[in-house]
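Written below as structure tokens is the structure these notes are about.
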Amino acid sequence: MKCLNQLLFFCKITILLLSTFSFATCVSESPALNYKILKGEHHVNDQLLILLHGMNSNTDMWNDFVKYIPKKTLVIAIEAPFTSKKNAYRWYDIDVTKKPYLSDVVQMDESTRKIEYFITTIQSKHKISTEKIAIAGFSQGAILSLNLALTNPEVVNFIGIFSGMLPDTMDTRISDTCSKLSFFITHGTQDKGIDIRLAEKMQVFLKENDIKVHMRVKDTGHTITDNQFKEFIHWWETSTQR
């Protein structure tokens, strides 16, 4: 009886270890993100638009802009994985007291990897060509959009940058195949969150790497106006028709 009990104990421990390993592997291979489908859920869509909110915000920031997005577009707003407080999320930690800003690159890469997996999964499910995929973000979401595109240019073709800047160490992390990308950058001269000079530095960097850039400077602050978003959508539609 003693041997039987020892055998049963050993079997329980083995099962527990195997289940733990399987769970860890699943999480690693299938990083989950919360998201909201804003448009096109019940239709066949020709193109995909991924939206990334800013730091300490959520997917609701995009609700007022949906009306400007054309039909046959699957629009998905993704929620950042790190919680700041109730209904407020961030893509990674950043110390804005340092000049230049100091970002948690490990968290940035983790969020980037999760978004990349998310996009490729949605693309495969809905059979949408990469040439018809755009990602756009505001502030920290813009920085992450740029990081994703420049390190994984095979995932998207068009990038909208609303009040963004270059991520830390980007000059050493850019992919060799980024010349296919097209960027729409819009920034306000009154932006107190991210100085417009950082947006101008980003524009120069992209052009130096033979990347197409369309930049619009507005007399606005750290925000997205209806006009800015409509200009982005018009640019995207025009660019896909070329």
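What follows is calculated from the coordinates using simple rules that are stated; it is not laboratory data. Small disclaimer: the values here were computed from a predicted structure and weren't measured. Glycine also receives a Cβ, built like all others from the backbone with ideal geometry; neighbour counts cover every protein chain displayed.
Most exposed first by the Cβ proxy, i.e. fewest other Cβ within 10 Å, how do LEU146, LEU166 rank?
Numbers: LEU146 25, LEU166 21.
Arranged by neighbour count, lowest to highest, LEU146, LEU166 become LEU166, LEU146.
How about LYS127: which aspartates and glutamates have a C-alpha closer than 13 Å to its C-alpha, ignoring those fewer than 8 places off in the same chain?
Straight-distance partners of LYS127: ASP46.
Setting aside same-chain residues fewer than 8 positions from LYS201, which lysines have a Cα under 21 Å from its Cα?
Cross-link targets: LYS98, LYS99, LYS180, LYS192, LYS212, LYS218.
Starting from the Cα of THR177, step 7 Å along the direction of its Cβ; do the same at ASN209; then give the gap between the two resulting points in nm.
The modelled label-to-label distance comes out at 1.5 nm.
Could you state the orientation-averaged shadow area of the convex hull built on the Cα atoms of the range 117-205, in nm² to one decimal?
On the way: hull surface 22.9 nm².
Over every viewing direction, the Cα hull of the range 117-205 projects on average to 5.7 nm².
What is the spin-label model distance, in nm, from GLN190 to SER129 if the labels are put 7 Å beyond Cα along the C-beta direction?
Each label point is offset 7 Å from its Cα along the Cβ direction, giving 4.2 nm.
Could you tell me the center-to-center distance, by alpha carbons, between the range 209-242 and the range 64-87 in angstrom?
Each part reduced to its Cα centre gives a spacing of 18 Å.
Sort largest first and round to whole Å: the equivalent ellipsoid semi-axes of the range 84-239, each the square root of five times a Cα gyration tensor eigenvalue.
Numbers: eigenvalues 96, 75, 53 Å².
Whole-Å semi-axes of the equivalent ellipsoid: 22, 19, 16.
Under 5 Å between amide hydrogens, which residues at least 5 positions from ILE185 or on another chain qualify, with H placed 1.01 Å from N in the peptide plane?
When sequence neighbours closer than 5 places are left aside, the close amide H contacts are ILE161, HIS214, MET215, ARG216.
Between ASP109 and ASP95, what is the label-point separation in nm under the 7 Å Cα-to-beta-carbon projection?
According to this spin-label approximation, the distance is 1.9 nm.
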